[in-house]
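Read through the structure below, which is laid out as structure tokens, and then see the notes.
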Amino acid sequence: MIQTMILLFVAGYVFIALEHKVKINKSAIALLMGGAIWTVLSLWGHDRSIADQLVEQLGDTCEILVFLIGAMTIVDLIDSHGGFLVITQHITTRNKRKLLWLLSIITFFMSAALDNMTTTIIMVMLLRRLVSDQRDRWVFASLIVIAANSGGAWSPIGDVTTIMLWMRGNVSAGVLIYNLFLPALVSVVVPTAIAARYIRNENVSPVDTSAEDALLPPGVSPRLSRFMLVIGVAALLFVPVFKSLTGLPPYMGMMVSLGVIWIITEIIYDRKRNLEESIQNRVSKVLKHIDMSTILFFLGILMAVGALQSAGVLTDMADWLNKQVHEVYAIAGVIGLLSSVVDNVPLVAACMGMYPVLDAAAVAASADPAYMQSFVQDGLFWHMLTYCAGVGGSLLIIGSAAGVVAMGLEKINFGWYLQKITLLALAGYLAGMLIIWLENLAGF
């Protein structure tokens with residue numbers, strides 16, 4: 001039974017990784033994989049508690065999906081009102097090297113509040129209006145990918161994997177930001193400093209910004225655009241605050257935030273009686289454009305990993321790693337390297353299933369308390385996993401959603417990225433790990 005479940009998971013993973021070759025949507029594969037693995041567990045497991053385990057795994061998965069649906073809706077609502085143009089309009093520098101630094105830093109902080117894929121789309125579209133030379137644009141776009149992935153690693157709402165770890169209680173928002181902000185920033189600064197040598201120290205051609213307002217959607221004024229940006233970002237940032245104040249799960253805070261924004265937009269459009277309904281960007285309209293394919297992909301993947309956890313496969317893997325490797329930095333570092341080849345969501349989900357969050361009593365009773373201390377809430381392993389899974393995706397252009405988006409928009413060649421950018425990203429990745437090691441050594 002166990003061998004069959006593992007074989008199904010590996011086969012599904014291969015089809016997902018080769019989605020562009022087999023021409024089958026990865027969401028369909030993930031759903032089939034999840035259903036098939038649970039079916040095998042049910043038919044051959046002979047355990048009456050499987051139904052209860054299925055409900056428990058579905059409940060944990062749906063918490064993440066509800067959170068993601070809310071976050072995606074708010075981000076799409078900002079975008080449908082042209083809110084991100086407010087940011088791009090204020091980039092006035094024309095020097096290419098200064099522009100490279102500016103785009104990297106803006107992307108780094110934007111990705112902490114938005115998802116890295118949306119941030120990458122926004123910044124790459126801006127890049128097209130600023131840089132005409134394609135090879136220069138490839139360098140800029142590659143650094144945007146690195147900055148987007150690193151920016152998502154230090155924020156509890158910046159990436160799907162950090163959301164998962166935060167919602168399950170493996171990390172807390174304040175400690176995560178405190179411990180990972182500097183390593184994540186270093187992982188951007190190092191490759192940006194190296195990449196600046198690829199860019200000629202000259203100005204880009206002047207850009208005509210006189211028609212910026214025309215880029216706003218029909219019926220949206222600059223004032224409304226700015227307003228939606230402010231309340232949208234405030235709603236996203238409110239979620240960690242809500243969890244800290246109430247102790248309720250993050251998805252409840254996201255529900256509250258989405259509900260408030262929904263009411264506000266309804267009031268705004270009810271007052272615009274002369275505005276045609278077809279161009280009104282109400283939440284009910286935005287919801288129709290949510291990427292449900294991605295949501296279903298996460299459903300299939302997380303349920304498949306949940307089945308492996310229920311069958312004890314992940315526990316056995318954890319025991320093997322503890323005996324054979326027994327080194328937190330090595331385990332997390334390898335996972336980061338793997339995340340450049342395969343999706344980081346199932347990797348992180350598997351680690352969460354392999355290593356439960358320990359309390360002080362469990363640590364004290366273990367054979368190696370110093371090592372097991374890394375697996376308590378906000379322990380070294382969870383912070384290393386958060387950093388490595390997020391930043392490691394930058395090592396290859398196909399290693400993250402941000403990279404795939406940039407590759408599609410700018411037609412970046414896989415071999416060019418491997419030759420020109422991978423070593424830069426690796427230098428940043430290792431530099432960030434060094435900072436984490438030094439922080440841990442100093443007792444931060």
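The values are calculated or read from the model by the stated rules, or taken from the named source; none is laboratory data. Quick caveat, the model's predicted, so the values are computed rather than measured. All Cβ positions, glycine included, derive from the backbone under ideal geometry; neighbour counts span all protein chains shown.
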Exercise. Scanning for something over 24 Å from the mean Cα position of the chain (by Cα) and buried (at least 20 other Cβ atoms within 10 Å of the Cβ), does segment 17-36 turn up at least one residue?
Worked result: no
Exercise. Regarding Ala364, is this residue among the small types (Gly, Ala, Ser), more than 27 Å from Gly151 (Cβ to Cβ) and surrounded by fewer than 20 Cβ atoms within 10 Å (Cβ to Cβ)?
Worked result: yes
Problem set entry | Matching residues, segment 322-339, being at pLDDT below 85 and in contact with a Phe, Trp or Tyr (Cβ under 9 Å, 6 or more places away or on another chain) | Asn322, His326
Problem set entry | Scope segment 121-147; condition touching a Gly at 6+ places or on another chain (Cβ under 9 Å) and of a type in the set (A, V, I, L, M, F, W, C); matching residues | Val145, Ile146
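This table checks each residue for (1) part of a loop (DSSP other than H, G, I, E, B); (2) modelled with pLDDT of 90 or more.
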| site | (1), (2) |
| --- | --- |
| Ala349 | no, no |
| Ala361 | no, no |
| Met384 | no, yes |
| Gly393 | no, no |
| Ile397 | yes, no |
| Val405 | no, no |
| Gly415 | no, no |
| Leu434 | no, yes |
| Phe444 | yes, no |
Exercise. Hey, which of the helices (runs of 4 or more DSSP H) in segment 1-72, taking only ones fully inside, have at least 3 residues that are within 20 Å of Ile290 (Cα to Cα) and out of contact with any strand residue (DSSP E or B) (no Cβ under 9 Å at 6 or more places or on another chain)?
Worked result: 26-45
Problem set entry | Residue list for segment 247-261, filter: assigned to a helix (DSSP H, G or I), small (Gly, Ala, Ser) and over 19 Å from Val286 (Cβ atoms) | Gly253
Seminar exercise, completed: Taking segment 67-105 and keeping only residues that are β-branched (Val, Ile, Thr) and more than 21 Å from Thr386 (Cα to Cα), one is left with Ile69, Thr73, Ile74, Val75, Ile78, Val86, Ile87, Thr88, Ile91, Thr92, Thr93
Exercise. So is Trp101 of a type outside the set (Gly, Ala, Ser) and either under 19 Å from the mean Cα position of the chain (by Cα) or surrounded by fewer than 17 Cβ atoms within 10 Å (Cβ to Cβ) (or both) or not?
Worked result: no
For this session: Sort out which residues of segment 1-25 are without any contact (Cβ under 8 Å) to a residue 60 or more places away in the chain and of a type in the set (Val, Ile, Thr), and write them in order of number.
Result: Thr4, Val10, Val14, Val22, Ile24
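A quick yes/no check of all residues on (1) under 20 Å from the mean Cα position of the chain (by Cα); (2) farther than 25 Å from Ala402 by Cβ:
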| residue | (1), (2) |
| --- | --- |
| Trp262 | no, yes |
| Ser293 | yes, no |
| Asp316 | no, yes |
| Asn322 | no, yes |
| Val328 | no, yes |
| Val348 | yes, no |
| Gly353 | yes, yes |
For this session: Working carefully through the options Leu395, Leu347, find the one that is under 23 Å from Thr118 (Cβ atoms) and in contact with a Phe, Trp or Tyr (Cβ under 8 Å, 6 or more places away or on another chain).
Result: Leu395
Exercise. In segment 158-193, which residues are of a type in the set (Val, Ile, Thr) and surrounded by 24 or more Cβ atoms within 10 Å (Cβ to Cβ)?
Worked result: Val160, Thr161, Thr162, Ile163, Val171, Val188
Problem set entry | All positions within segment 363-373 that are of a type in the set (S, T, N, Q) and not in a helix (DSSP H, G or I) | Ser366
Problem set entry | Residue match in segment 308-317 (condition: in a loop (DSSP other than H, G, I, E, B), free of Cβ contacts under 8 Å to residues at least 40 places away in the same chain and crowded, with 19+ Cβ neighbours inside 10 Å) | no
Problem set entry | Pairs, first closer than 19 Å to Ala234 by Cβ in segment 83-100, second assigned to a helix (DSSP H, G or I) and modelled with pLDDT of 85 or more, C-beta under 6 Å, six or more apart | Gly83/Ser225; Gly83/Met228; Gly83/Leu229; Val86/Arg226; Val86/Leu229
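Every residue, every condition in (1) at pLDDT 90 or above; (2) in contact with a Pro (Cβ under 7 Å, 6 or more places away or on another chain), yes or no:
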position	(1), (2)
Arg200	no, no
Asp208	no, no
Asp213	no, yes
Pro217	no, no
Arg223	no, no
Ile231	yes, no
For this session: Would you point out which residue out of Ile106, Ile87 is at pLDDT below 85, part of a helix (DSSP H, G or I) and surrounded by fewer than 22 Cβ atoms within 10 Å (Cβ to Cβ)?
Result: Ile87
Seminar exercise, completed: Taking segment 321-346 and keeping residues over 21 Å from Ile435 (Cα atoms), part of a loop (DSSP other than H, G, I, E, B) and among the charged types (D, E, K, R) leaves Asp343
Exercise. Regarding Leu275, is this residue surrounded by fewer than 18 Cβ atoms within 10 Å (Cβ to Cβ), outside any helix (DSSP H, G or I) and in contact (Cβ under 8 Å) with a residue 12 or more places away in the chain?
Worked result: yes
For this session: Kindly indicate whether any position in segment 278-288 is under 26 Å from the mean Cα position of the chain (by Cα), assigned to a helix (DSSP H, G or I) and surrounded by fewer than 14 Cβ atoms within 10 Å (Cβ to Cβ).
Result: yes
